Structure formats: C-alpha cells, structure tokens
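The values are calculated or read from the model by the stated rules, or taken from the named source; none is laboratory data. On a predicted model such as this, the values are computed, not experimentally measured, just so you know. Cβ atoms come from the backbone with ideal geometry, glycine included; neighbour counts cover every protein chain shown.
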Amino acid sequence: MSTSPASITNAHDPITIEIIQSALTAITDEMFATMCKTAMSSIIYEVLDFGVALFNARGELASSGSGIPGFIGMLQPGVQAIISKFSGAGEINDGDIFLLNIPHKGGVSHINDVVLIMPVFSAGHIIGWLSNKAHWVDLGGAFPGGISPDATEIYQEGLQLPGIKAIDSGKLNQAVLDIILSNSRVPETTEGDFWAGVASMRAGQKRFLSLAEKYGEDAVRFAIEDYIELGEKIARQAMADLPKGVFHAQETLEDDLTINAVITITDDKFLVDLRNNPKQSATSSLNASHDSTFVDCMMIFKAITSPETFGNAGSFRPIEMLVDTGSMFAAEYPTAVGVYYEASMLMFDLLWKALAPAMPERLTAGHYASICGTFMGGPHPETGHNHGIVEPQLGGWGASQDSDGVNALYTGFHGDTFNVPVEITEQRNGLMVDRLCLNDAPGGEGEFIGGKGITLDYRIMTEKWWLTMAYVRSEVGPWGLKGGLEGTTNYVEVVRADGETTRYSACTAVPLGQDDVVKVYTATGGGYGDPKDRSQEKVWEDIKNGYVSPERAKQIYGLSD
C-alpha cells in the first residue's frame, strides 16, 4: 500500500525535483482556495478557520496550505489513524473520503473541527493522502453550536464521527450524510461545508494525479521524501543558533489554576516537559488532547527556528514532549474538550513565556493569549431561519525589545486567518455592529508599549438568540518583559435593553433578546522595558493617539507638564 524511502530511487535531476516540490505547495494552495470559495459559513470563508494538507503514502505531512497552524499540525495523526484502522486488504479504495472528529482518537481538536481524509491512488496503489479540517458550526450536542465551557463529557458536545467513510469508491454514503444533517441545528450550512470540503479534496486529487502523470510516480515519491528530509535539515541547522539550556515558566491564572512547562534545548533535541500539570477537568471542557498539545510545541519550535520556510513532517522531528496522560493537556476519552483552544492557548503562551527572556530578538512580551471564540445564534431577523455564527476575536500583541506591540491582530495560534468584516456580520449573520474600535483601557505600558486589543459591540436584532463564550486571561493580563507592565484582560459584557449589565469570562447559551448588546473586550499586550525609559516624545504621541490619558501618562511615565 505504501512505499518505503529505501525503495525509491534517486535518479532524478534536482531541477525536476524542485519543480515537483513547488507543485506540492501549489496543490495545497488550490485546495485552500477551493474551500474558501465554496464554503457556506463565514467562520470558513471569511475567518479561514480551516487547514488543508498533503501527505506521503505513510501519512507523513509533506505540504500544507494556509489557515490554522494547529489544524495542519494535527492532521498527520489523523491520517495515520485512518491508515491504522483501515489497513486491511480492500478497505481503502480509490475515491474514498473518510470523516473523523473524535479529539482523543487521532488528529482532532474538538467535535466541531471535522477532518476529511482522502487517499490518492495511481495505478492501483496509494501514492499519498490529502486532508481537510474545518470548523463546522453545529453538529448537535446539548448546547447550540456544540461548544460549552460547562460540558463534562464529550457526549454533550455533538455527533461523534469515529473515522467512517462518507464517500465509498466515489459514491456518497447517503445514510452518513443524513445522520450528520439530522443532528445539526443548521443543516443547510453543514451540508454546504461538507461538500466544500469534498470539492477541496477532489481539486487536490486532480492536481496530485496530474503531477504523477507528468513526471512519473517514482519522481513524485522521491521529491516528497526529499522535501521531508529537507524540512528536517533546515530545522536542525536552525537549532544551532538557539541558546542551549533549560528554560521554565509557571503561571497562576483564573480559579487558582497553576500551569508549568520546562523546555530543554540541546544540539539535537527540543524537549518539552509538561508533567505535573493539573488533572483533566471533570466539571468543564477546558481540556486538550495529546495531539493538540503537541501542536503547541510544534508552533513555538517553528517560530524560533525557521518561521520563514515551509513546514512538513521533517521540520518537527527534533521535538519530544513529555506529558501526563489524564492531565488537562492530554485528556482521556470521554472527557469534554470543547474549549480545548483555550487550554492550548494557555500552554502555547506559557512555552513562549519560558523562552522569551532568552530570545528577545525572536519573541515579544505576552499577547492577549485567548482565541476569544464568540458563539452566537438564533433566528435571522429577515428570514427567520435558525442561524449560528462563530467569531474568534482580535487582540493586542506584546511589545518587543525594539518596537511597540501590534494592535488588533489574531493570536500566534491562528496563522493566516482574518476577522469577519462588519458588513458580513450585519448582512449575512443578522447582527448590528454598534462599535468596533481599539480598547482604550490602561495597561501594557513600558519603554515599548503593548498593542491594543479591541472593543466590539454586537446588537441583537430579534428575540430568542443566545451567547456562548470562554475567554482565558480574564483576570490576569498578558505578562510584560524587562520591567514592562502587564496588559489588560479579555471579557464580555452583556448589556440588556433595560441597561442591566453582566460581565462574563465564560458562559453557556445565555439567552439574548432584541436590543441586547454583547460587548467584547480583548486585552492589550504586555509592555517591554521600564516605562520611565519611554521617550517623552513618544508619550506625547501616545496621548495624541488616545493610547494613554494625560493622567495615566503622569503616573506611569512621569510625564512633565
């Protein structure tokens, strides 16, 4: 079924091999573009909350498109889980497309992130695999949107797809699709996003096969293996420039939750020790699977080694991770993991914090460090159709040793993703946006200041809507460096039509009515350096730009009149 590297000849000229390797990127780029242009939900076609990738015959990552880095990083174990489950003769056929969404069983983050996996056959045997992973708005479960910080087991989070064939030898298994749509509160959107994923896979299959036809299967297989080896070579060469030693960080956040990480960097190993962290929660879904936590290690490693180059299986071979099974960073089935992204974001930020003091030229002070996923839904005010939306939020990045932080950018976890434009939110999603501006709350001051978060006000236009959200860093702001001050915090306020106001760091399906306003506040990043070292000229510029009040400038910067 697969071809080992040793059986592949290297009798190919390097120019042809490089052309093929560039074509691998073109294939995943086309898959990505196809998904963008055909998806039904704005979380996919606007935010780009998905990822696509191409693999060798053994299921090792060879090339990936844009999108969520964490999605792409988890796809390899997903493909390998399908290979393992269907490894018997005749069980994997040309034209098959598999579905997988159980987080604890290979390459999945949470129930809503559905993975499509497709083998690519040539001359009767598999020459590679393709995969597509995207956030589907609703797959049933106890709560609208499937997401709840209060979920206690995965059965409450939606329909489980344990590596099944949705399409068998090119023919749709209608029963599978019927079951999925019957469990979704927004079946039209769900069906549209399913077929968009299929179209993406088939576009990749077409290009992959044309590549094999043009250059020959042996040349393509060799080019893929060579590409993966090149990824490892680049990573190991970049490790030579990293500081060697042991780096650690610990942080106590909301609800007295203390997490810790120890990173050991040697000449040939990047070892991340996450043992002795809190046990998986039985009372919330703030848990992450082993695979999603390993992606945290992959992302920080890539950020400090070779962020400007491609990433494939070889790029991450120096990484090793130690983690306790049954902890919040390696939760066991059937633990709820709906807000895994906040647990993963906590760990990614902690790894960043551990390394930042030793790598100021590579890493900033802390950023807002929450996906700030905001889930809302209800009847559309014009059509009356049940509607569900998902919007992660922008926030502030930390300052660096030589510049202020960036305003209103997505987290380091997001990659190539975008916010939903106000026009789409209003016209497509049936909300009114009263305000979208930078958050002017004080915090994140330093010689260089943290970037500003945002304030975003959604006005509900009809009755029977709901809100679900879970933001970390709602009590403890992003950390500063070298004397820089801590940033602000992430939270939501619901202002009722009668003026009553309630603040939330997490909530599940809070009822909303007409003219209620959901006010999102995201954090300013941490500052860098002693605020007293910021030049008076820059402080006056900050006042002019509304970044700091004159009173705060006198207090923090010692501004003279």
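Can you pull out the residues in region 535-548 that are closer than 18 Å to G484 by Cα and either outside the structural domain of G444 (by TED's automatic domain parsing) or of a type in the set (S, T, N, Q) (or both)? If you could, list the steps in order and put the result at the bottom.
Filtering region 535-548 down to residues closer than 18 Å to G484 by Cα leaves 535-536, 538-539, 542, 547-548.
Selection gives S535, Q536.
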Some residue of region 291-314 being assigned to a strand (DSSP E or B), closer than 30 Å to T25 by Cβ and not assigned by TED's automatic domain parsing to the domain that holds P478: no
Only listed residue being of a type in the set (K, R) and more than 30 Å from R496 (Cβ to Cβ), chosen from R362, R428, R435, R459: R362
Failed criterion for D542 (all others in (1) within 25 Å of A399 (Cα to Cα); (2) assigned to a loop (DSSP other than H, G, I, E, B) hold): (2)
Some residue of region 251-259 being assigned to a helix (DSSP H, G or I), over 16 Å from V339 (Cβ atoms) and more than 23 Å from the chain's Cα centre (by Cα): yes
Residues located in region 174-190, provided they are closer than 18 Å to G377 by Cα, part of a helix (DSSP H, G or I) and touching a residue at least 24 places away in the same chain (Cβ under 8 Å): N183, E188, T189, T190
Selection from region 508-546 of residues that are small (G, A, S) and touching an Asp or Glu at 6+ places or on another chain (Cβ under 8 Å): G513, G526, G527, G529, G546
Residues being among the β-branched types (V, I, T) and more than 30 Å from T502 (Cβ to Cβ) - total across region 521-561: 3
Residue count, region 52-107 (criterion: among the polar types (S, T, N, Q) and closer than 21 Å to I224 by Cα): 6
Residue match in region 133-144 (condition: over 26 Å from the mean Cα position of the chain (by Cα), of a type in the set (V, I, T) and assigned by TED's automatic domain parsing to the domain that holds V186): no
Candidates G527, G546 - the one that is touching a residue at least 12 places away in the same chain (Cβ under 8 Å), surrounded by fewer than 14 Cβ atoms within 10 Å (Cβ to Cβ), within 35 Å of the chain's Cα centre (by Cα) and more than 30 Å from W465 (Cβ to Cβ): G546
When residues of region 413-428 are limited to those that are closer than 19 Å to T455 by Cα and in contact with a helix residue (DSSP H, G or I) (Cβ under 7 Å, 6 or more places away or on another chain), the one surrounded by the fewest Cβ atoms within 10 Å (Cβ to Cβ): I424
So S403, is it part of a loop (DSSP other than H, G, I, E, B) and either of a type in the set (V, I, T) or closer than 30 Å to G499 by Cα (or both): no
Candidates A399, A356, A408, A369, filtered to the one that is in contact (Cβ under 8 Å) with a residue 40 or more places away in the chain, touching a Lys or Arg at 6+ places or on another chain (Cβ under 7 Å) and within 28 Å of P243 (Cα to Cα): A369
Test set (1) surrounded by fewer than 22 Cβ atoms within 10 Å (Cβ to Cβ); (2) touching a helix residue (DSSP H, G or I) at 6+ places or on another chain (Cβ under 8 Å); (3) in a helix (DSSP H, G or I) - R202 fails condition number: (2)
Selection count where residues are closer than 30 Å to T462 by Cβ and either within 20 Å of the chain's Cα centre (by Cα) or assigned to a helix (DSSP H, G or I) (or both), scope region 340-390: 12
Selection from region 522-534 of residues that are more than 16 Å from G487 (Cα to Cα) and either part of a loop (DSSP other than H, G, I, E, B) or at pLDDT below 95 (or both): R534
From S210, S281, residue being on the phi < 0 side of the Ramachandran plot, of a type in the set (G, A, S) and either assigned by TED's automatic domain parsing to the domain that holds Y504 or free of Cβ contacts under 8 Å to residues at least 24 places away in the same chain (or both): S210
Test: residue in region 128-136 that is farther than 18 Å from F55 by Cβ and either assigned to a strand (DSSP E or B) or in contact with a strand residue (DSSP E or B) (Cβ under 8 Å, 6 or more places away or on another chain) (or both): yes
Failed condition for V262, given (1) more than 10 Å from M347 (Cβ to Cβ); (2) of a type in the set (V, I, T); (3) within 22 Å of the chain's Cα centre (by Cα): (3)
Hits in region 269-290 - residues which are touching a strand residue (DSSP E or B) at 6+ places or on another chain (Cβ under 8 Å) and not in a loop (DSSP other than H, G, I, E, B): F270, L271, V272, D273, K279
Any hit, region 264-272, residues being touching a residue at least 24 places away in the same chain (Cβ under 8 Å), outside the structural domain of Q21 (by TED's automatic domain parsing), closer than 24 Å to P69 by Cα and among the hydroxyl-bearing types (S, T, Y): no
